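The values are calculated or read from the model by the stated rules, or taken from the named source; none is laboratory data. It should be emphasised that the depicted structure is a prediction, and the values quoted were computed from it without experimental measurement. Note that each Cβ is placed from the backbone with ideal geometry, even for glycine, and that neighbours are counted across all protein chains shown. SASA here: full protein model, heavy atoms, side chains in, ligands and nucleic acids out. Shrake-Rupley method; radii C 1.70, N 1.55, O 1.52, S 1.80 Å.
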Protein chains: 2
Amino acid sequence: MVQAPHNLSCVLSIPGPIEVTDEVLFANAHPSMSHMSPDFAPVFGDCIRMTRQLLYSKDAQPFLIAGSGTLGWDQVSANLVEPGENALVLHSGYFADSFADCLETYGANVDQIKAEIGGAVKEADIESALKAKKYKIVTVTHVDTSTAVLSDIKAVANVVKRVSPDTLVVVDAVCSVASEEIQMDAWGIDVVLTASQKGLGTPPGLSILVASQKAVQVFENRSTPVTTYYGSWKKWLPIMKAYENNSAAYFATPPVNLIYAFHASLTQIMQGSVSLEQRFKLHQEASQRVKKAAEEIGFKGVPLSEDIQANGMSALYFPDGFVASDIIPRLLKKDVVVAGGLHASIKGQHMGASVVDSSRGDIDKIISAVKESLAEAKASKQ
Amino acid sequence: MVQAPHNLSCVLSIPGPIEVTDEVLFANAHPSMSHMSPDFAPVFGDCIRMTRQLLYSKDAQPFLIAGSGTLGWDQVSANLVEPGENALVLHSGYFADSFADCLETYGANVDQIKAEIGGAVKEADIESALKAKKYKIVTVTHVDTSTAVLSDIKAVANVVKRVSPDTLVVVDAVCSVASEEIQMDAWGIDVVLTASQKGLGTPPGLSILVASQKAVQVFENRSTPVTTYYGSWKKWLPIMKAYENNSAAYFATPPVNLIYAFHASLTQIMQGSVSLEQRFKLHQEASQRVKKAAEEIGFKGVPLSEDIQANGMSALYFPDGFVASDIIPRLLKKDVVVAGGLHASIKGQHMGASVVDSSRGDIDKIISAVKESLAEAKASKQ
């Protein structure tokens, strides 16, 4: 099965799914299969194992649940933080506000450290906050899709381990898993939460969360009951363990077809001709090409410096004198769908198949489309 | 695209997805599409409108969210019941215990009325309970998949309206929507919650809940904050309204491909050659054929009487002297996957495409397979 020609809806679109390979779509059309079937259990088991490997962990516990990335916030808020406990949210864009909102819904006391727009939170500020108050968790958005700012999660984890070693480090990695390197064990990350539709190249509908054994222990030592039902690790932990042992178990029906699709994508990522290390390098190279080409014609990156630029997406201010309506409709006519951002910018993703499979020509196409659209916009103003 | 031959994994399998048509699977393999795309919004809007029509409602509010049917319990428990309020759970099988567990997780005081195994809760018992205490909601499982008992939700709603008109009537219809008639407005049902993978003939991963305007009003008049984030109607209500107006809005990423698949299935159900009324009749006929054939060879229905037998599934006690291991492996060899039930029974579904499209021959196949398997089991014991 080969996909019909279609808009590159996701190469420079945000928020939204990225391009999906034919193999993954074909797997998503798997004939109906019971989630209790002995044929399905090892497929789910493989997904659990490959997800752990993808994050360079030996023993962290993946949770694969029908839902969007947002459900990961609920899982953290309701399983790891007890009502009245403190959470520190590092703010590098819009998604930190939402995570804070979620934590407060489940009763956490939330403090935020807000970076300036286009910046990441400074280590010295994190250190001061951790010294002033005891926090159960620190959350950091690896790549905030509103700003394309890449936070240095290894450095954040380092500060936390040094100043407040009991505090759990939670990474919102919705827009970074499989396009940015994440070494859970070596860096001391306790939770990585993400979704299927970005760097993992699978249709949306799967919440993917991986918890360190330390985090699982904190969950198990709660003194109050878990405050969610659907996202309760008390319910899901035995299910995930059963499937990892290649036997089926039931709490709530998993999204069977999406699990087949995720399996196809993980197999391409973990066992394909391009290694994981090479995949990260290709994302860096594609990102630099896109950003350089855009800057040459007058766009300017939202991130304040090169070292905090995401490699799987870009957020770009328009050249002086141009606004969203000058550019976006013209890109659309060239089959490239982008989204307007805050702060007079556009935002777009360049990750997954579009980056790894250069024969698709997606990156060249998007660069040409941006150049041509700006040229047309200039011409129309003369 | 036509599916490869495969086991009838769902005709008599429980819990699990039912057979899915080629058109629905093809839609599930739709190329990647942003949920913010103007092409996608009206597809989502159609799904909202058709879901409402399917339940014979003029103005009830559908919520279509990435998740399993279980997420519907969380939505009810966290949006409609405030901590400390009373909920009455009518118990006709396993799933009532779980719904009660969910309600208690979010702080409700739960009372249960338990029917005997194979029975439905009696109206007189409901009336007594409603007179003894004020309940915010009454929940009833339309078809409990552990017993195949069909509850008379019209009668339940009648009692509630008569004795305690403020109390909301919540129907867990995971195993009944599109195989049993549900008239929300005429019968006075306030919430119908279900999932994509049963009578709606779509792969699993979509939580489908429809709330009456009365229920929405109760939600809006809460005096305490909603106790979930991912399932909060405060977040989702504006999103559903936007999509129904054919414009995109963002809270959490919808399962785009599943929405395409759901659209394909709803279109077949609501606009296909078989009317909705005829669909229910076909389910009744297929159900009677299956149950009659099984009873002729010694199986016995778990439901205590004919008037409370589900039309979309069967739960059958084994003939005297036979156990699960005599029958289930033999059915599997004939490409029919079934599940063992509680109480020395097997349980299976007969709904959707298998019932409506008689040219598939699924029902005949399952009847023959059951007959042959029992005959083989008998022969092996002689």
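What to note about this one:
- Cross-link check: pairs A:K235/B:K235; A:K334/A:K371; A:K300/A:K378; A:K136/A:K235 evaluated at a Cα-Cα cut-off of 20 Å; pairs beyond the cut-off: A:K235/B:K235; A:K136/A:K235.
- Accessible surface for chain B, divided over its residues, is 35 Å² per residue with a 1.4 Å probe.
- For B:K134, a cut-off of 19 angstrom between C-alpha atoms picks up these lysines, skipping any fewer than 8 places away in its own chain: B:K114, B:K122, B:K161, B:K214.
- Buried solvent-accessible surface, both chains (A, B), 1.4 Å probe, Å² to nearest 100: 4000
- Each label point was placed 7 Å from the Cα along the Cα-to-Cβ direction; for B:E104 and B:L304 their separation is 2.5 nm.
- Average partner coverage of A:246-256, which counts Cβ from other chains inside 10 Å: 5
- Part-to-part distance (alpha-carbon centres) for the range A:100-119 and the range B:281-301, which is given in Å: 57
- Solvent-accessible surface, computed for protein heavy atoms with a probe of 1.4 Å, shrinks by 40 Å² or more for the following residues of the range A:18-54 when the other protein chains are added to the isolated chain: A:L25, A:N28, A:A29, A:P31, A:S32, A:S34.
- Area projected by the alpha carbon convex hull of the range B:104-166, averaged over all directions, nm²: 4.7
- Dipole magnitude of the protein assembly as shown, debye to nearest 20 (Cβ charges: Lys/Arg +1, Asp/Glu -1, about Cα centre): 80
- Accessible area of the protein assembly as shown belonging to carbon and sulfur atoms, whole % at 1.4 Å probe: 51
- A viscosity of 0.692 mPa s and a temperature of 37 °C, combined with the Kirkwood radius over Cα pairs in Stokes-Einstein, give a translational diffusion coefficient for the range B:315-382 of 260 µm²/s.
- Note on chain A: Cα Rg divided by 2.2 N^0.38 Å, N the number of residues, gives 0.99.
- Using R0 = 22 Å, the C-beta based FRET efficiency linking B:D152 and B:K58 works out to 0.40.
- GNM top mover of B:Q278, B:Q349, B:Q112 - chain B, alpha-carbon springs below 10 Å: B:Q278
- Scanning residues 5 or more positions from A:A195 or on other chains, those with amide H under 5 Å from its amide H are A:I208, with H placed 1.01 Å from N in the peptide plane.
- When the trypsin sites (Lys or Arg not before Pro) in the range B:30-95 are filtered for DSSP coil states and for at most 15 other beta-carbon atoms within 10 Å of their beta-carbon, the remaining sites are B:K58.
- Anchor B:K333: aspartates and glutamates whose Cα lies under 15 Å away (excluding residues fewer than 8 positions away in-chain): A:D39, B:E372, B:E376
- Computed over the protein assembly as shown, Kirkwood Rh from alpha-carbon pairs, angstrom: 26.9
- Relative contact order (percent, whole number), chain A, Cα cutoff 8 Å, 6+ residue spacing: 25
- Residue ranges B:149-157, B:250-258 sort as B:250-258, B:149-157 when ordered by packing (mean number of other C-beta atoms within 10 Å per residue, highest first).
- Shielding by other protein chains, A:63-75, mean Cβ within 10 Å: 6
- Between the listed residues A:S164, A:V256, A:W187, the Cα displaced farthest toward the positive end of the dipole of the range A:152-298, a dipole computed from Cβ unit charges relative to the Cα centre, is found at A:V256.
- 3J(HN,Hα) along the range A:367-380, derived from phi through the Karplus expression 6.51 cos²θ - 1.76 cosθ + 1.60 where θ = phi - 60°, amounts to 5, 4, 5, 5, 4, 5, 5, 5, 4, 5, 5, 4, 4, 6 Hz, with x in place of Gly and Pro.
- Nearby aspartates and glutamates by direct alpha-carbon distance to B:K131 (threshold 17 angstrom, same-chain neighbours under 8 apart not counted): B:E85, B:D111, B:E123, B:D166
- Note on chain B: GNM, Cα springs under 10 Å; of B:D172, B:D97, B:D190, the largest mean-square fluctuation is that of B:D97.
- For the range B:161-210 versus the range A:175-223, the spacing of their alpha-carbon centroids is 34 Å.
- Built amide H within the under 5 Å cut-off of B:G341, gap 5+: B:I346, B:K347
- Helix-only mean residue ellipticity at 222 nm for the protein assembly as shown, each DSSP H run of n ≥ 4 adding -39500 (n - 2.57), per residue, nearest 500: -12500 deg cm²/dmol
- Relative to the Cα centre, the charge distribution of the range B:12-165, modelled as +1 at Lys and Arg Cβ and -1 at Asp and Glu Cβ, gives a dipole magnitude of about 660 debye.
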